Each structure stands twice: as structure tokens, then as C-alpha cells.
Amino acid sequence: MNRIVAPSLLAADFAELGSAVRMINESDAGWMHLDVMDGVFVPNISFGLPIISAVKKIAKKPLDVHLMIVNPDRYISDFKKAGADILTVHYEACTHLHRTVQQIKSEGLKAGVALNPHTPVDVLEDILDEIDLVCMMSVNPGFGGQKFIPHVLAKISKLNETLKRKSLSVYIQADGGVDLTNYKSVVDAGANVLVAGNTVFSSQNPKQVIATLAH
């Protein structure tokens, strides 16, 4: 799999969201990452369906929507209608994960499952052949700008080895604290999708940062 950079719009200037989306359109990014937070599963509230619908109108890259919410099953068809291409739910938020994944797939979306930093990769053993992406949270979910948690590298490596053993083609996404100082170690561990927020949007040259992460 080729490496994909998915800039996180959570770190963009919301007053200039259209400009941020157009910048990503013109960059080497593969996807746009959108974090949906409900203030219940995580201690923050971000944005929801109307923002995703607005982004979809001008986005030229697939929308990678990460649901940090309780009861995600209620909204899967709504996020499909809003324009999601990839929909990721949290293992920790799904009582019946297999059913949730089946529901995502039935909408014609790529299905992802996210793991919090403390959750072992083994919990996905029985569902890896059903999903398209594993999102390894490398910070505690809820806020941007946190530091990368180093032990997640071992989890990425372990998942990469498991996927190779099972001959499965599943994206490994690193989400949180990925920057120009650590992205190579993240890629070396086995991640092929890099979510980057502050690293991109706090830069004087966001397109150049995306290009560096992508190559």
C-alpha cells in the first residue's frame, strides 16, 4: 500500500475552512480526516454532519470520518449521506462491533476501527478480515496538539505482523502527535496512513509539510 497523508481539519482555522479544504485538494494528501466528537465519549465537542456536508461540496479527496461518539450505529447512514467515504468507529464505543462494521459496509463505505492507546491490538483479531482500516490512536482522543505516545509504535508493529501473517490488506493509520520528527519511525513500524493536524496547519507552508510526510 502507498503511504497516505490525511490532514486533520480539526486543526484548521474554522473561519477559513473552505481555504483549508482547497489547500488539501491541491496538496499531496490522499484523504481529508474529520474528527467528530460528542462530548460524551471524549471530553470535547468538535463538529457534525453539517460541516461534513459543507466540506464534501468542495473536497476533491476522500473524506476519512473518525467518529469519537457513543452509539455510532445511530448515525452511520447519516454520515454516508453527508459525504463520508471512510467511516471509523471506536472499539471502546461499540457493544456489538461486528454488527456496526457490517452496517458501515452495507452503506458502501470503507470501515475502520480505532483503538485508544491503552487498548491492545489483540481485541481485533476476530474482525480484521472484515475491516479496511485500523486507526491507532497515538494520543488520548479528544484534543489536538498532544504529544505522541511512544508505546503505540510497538502496537503498530504487532498489528503489521498480524496482517502479514493473515495476508490481509488493511490500512494502519496513526492518529495523534505525528510530526516531522517522528513520522519516519511511525512508517517504519508499519503505519501507511498518517493523520496530521497541528503539524500541517501550524506550518508556514502546509503543502510542503504534507509533501514531506507523503514521500
**Study point:** Helix-derived mean residue ellipticity, 222 nm - over the chain, DSSP H n ≥ 4, -39500 (n - 2.57), to 500
**Key:** -9500 deg cm²/dmol
Review point. From the Cα gyration tensor of the range 105-171, with a ≥ b ≥ c the square roots of its eigenvalues, which class applies: rounded if a/c is under 1.5, or else prolate if a/b is larger than b/c, or else oblate?
Key: oblate
**Study point:** Under-5 Å amide H pairs with Val5, H placed in peptide plane, nonlocal only
**Key:** Gly30, Trp31, Leu194
Practice item. Using θ = phi - 60° and the Karplus relation 6.51 cos²θ - 1.76 cosθ + 1.60, list the HN-Hα couplings for the range 177-185 in order, rounded to whole Hz, with x at every Gly or Pro. Key: x, 6, 9, 6, 8, 10, 5, 5, 5
Exercise for review: May I ask you to derive the relative contact order of the range 4-214, considering only C-alpha pairs under 8 Å and at least 6 residues apart, and to give it as an integer percent?
Suggested key: 21 percent
Review point. What is the dipole size for the range 1-113, taken about its Cα centre, with +1 at each Lys and Arg Cβ and -1 at each Asp and Glu Cβ, in debye to the nearest 20?
Key: 400 debye
Check your understanding: Where the only charges are on Cβ atoms (+1 Lys, Arg; -1 Asp, Glu), what is the dipole of the range 4-214 about its Cα centre, to the nearest 20 debye?
Key -> 320 debye
**Study point:** Around Ala174: net Lys/Arg minus Asp/Glu count, Cβ-Cβ under 14 Å
**Key:** +1
Review point. Taking N as the number of residues in the chain, what is its alpha-carbon radius of gyration divided by 2.2 N^0.38 Å?
Key: 0.93
Review point. Relative contact order (percent) for the range 62-183, with alpha-carbon contacts under 8 angstrom and 6 or more residues of separation?
Key: 21 percent
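Just so you know, all these numbers are worked out from the coordinates, no wet-lab data involved. Everything numeric in this text was worked out from a predicted model, so none of it was measured. As a convention, Cβ positions derive from the backbone with ideal geometry for all residues, glycine included, and neighbour counts pool all protein chains shown.
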